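Every read-out reported here was derived from the displayed coordinates using simple, explicitly stated rules and does not represent laboratory data. Here the structure is a predicted model, which means the values were calculated and not measured. Positions of Cβ are generated from backbone atoms using ideal geometry, with glycine treated the same way; all protein chains shown enter the neighbour counts.
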Amino acid sequence: EAGVTQFPSHSVIEKGQTVTLRCDPISGHDNLYWYRRVMGKEIKFLLHFVKESKQDESGMPNNRFLAERTGGTYSTLKVQPAELEDSGVYFCASSPRALRTSSYNEQFFGPGTRLTVL
Amino acid sequence: DAKTTQPPSMDCAEGRAANLPCNHSTISGNEYVYWYRQIHSQGPQYIIHGLKNNETNEMASLIITEDRKSSTLILPHATLRDTAVYYCIVRLLNQAGTALIFGKGTTLSVSS
């Protein structure tokens with residue numbers, strides 16, 4: 001079974017430019033999450049989709065960030081315009097819909113996209 | 001904010017057991033203890049979780065104190081590939097799709 005994939009693995013852009021990150025979750029996983037780690041800080045939650053709907057976007061830092069998950073499959077995270085402080089590693093994770101009898105709710109993470117804003 | 005406290009770093013000799021402590025004194029009765037790790041340049045990886053009983057899987061063992069205010073992750077025979085940042089996280093079970101709240105974690109360095 002393929003894991004969570006993210007594209008690109010690295011992106012270097014200049015301040016003010018736009019970048020779009022893509023995440024392909026594990027097939028059949030309804031839940032999709034975005035996290036990021038900026039330099040020297042902890043991994044922070046950005047938002048969560050259940051299928052195509054945004055369930056929780058409390059972690060989105062500002063309106064320069066736009067996440068979509070059309071069709072409930074892959075997701076994109078667009079940063080427009082990018083600022084220096086957006087540099088960091090952006091992780092995507094997915095998990096199956098939790099069942100009443102489920103004993104855990106493991107999130108499967110992708111390898112991340114390293115974004116550098118110059 | 002993270003509800004757990006972990007030492008910032010630990011060292012372990014290859015082949016020895018690595019015991020990583022975690023304090024979660026404010027844990028509530030329906031919160032589980034989860035452990036994830038992040039190996040350099042990879043995404044976080046689930047290790048194990050538990051409520052109040054000790055748990056073991058192919059990766060590690062989890063020992064939770066009777067009062068549930070602390071726990072220990074045990075890697076029985078650490079290898080160089082176990083060098084990573086280990087995160088102890090408390091969260092509700094079956095809270096479908098809730099975010100993981102990562103703290104600073106413990107950087108485990110395994111050396112030969």
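Quick notes
- Proxy reagent accessibility, fewest Cβ within 10 Å first, across B:40, A:48: B:40, A:48
- Where no second cysteine Cβ lies under 4.7 Å, the cysteines concerned in the protein assembly as shown: B:12
- By the beta-carbon count within 10 Å of each Cβ, the least crowded to most crowded order of A:91, A:49, A:7, A:65, fewest first, is A:7, A:65, A:49, A:91.
- The ranking of A:27, A:75 by Cβ neighbour count inside 10 Å, starting from the fewest, reads A:27, A:75.
- The label-point distance for residue A:84 and residue A:118, in a model that sets each label 7 Å from Cα toward Cβ, rounds to 1.5 nm.
- Per-residue shielding of A:52-61, expressed as the average number of other chain Cβ atoms within 10 Å of the residue Cβ, stands at 1.
- Each of residue A:66 and residue B:40 was given a label point 7 Å from its Cα along the Cα-to-Cβ line. The distance between the two points is 3.8 nm.
- Note on residue B:65 and residue A:14: their simple-model spin labels are 5.6 nm apart, each label 7 Å out from Cα toward Cβ.
- Most mobile listed residue (A:40, A:16, A:88) in chain A, GNM with C-alpha springs under 10 Å: A:40
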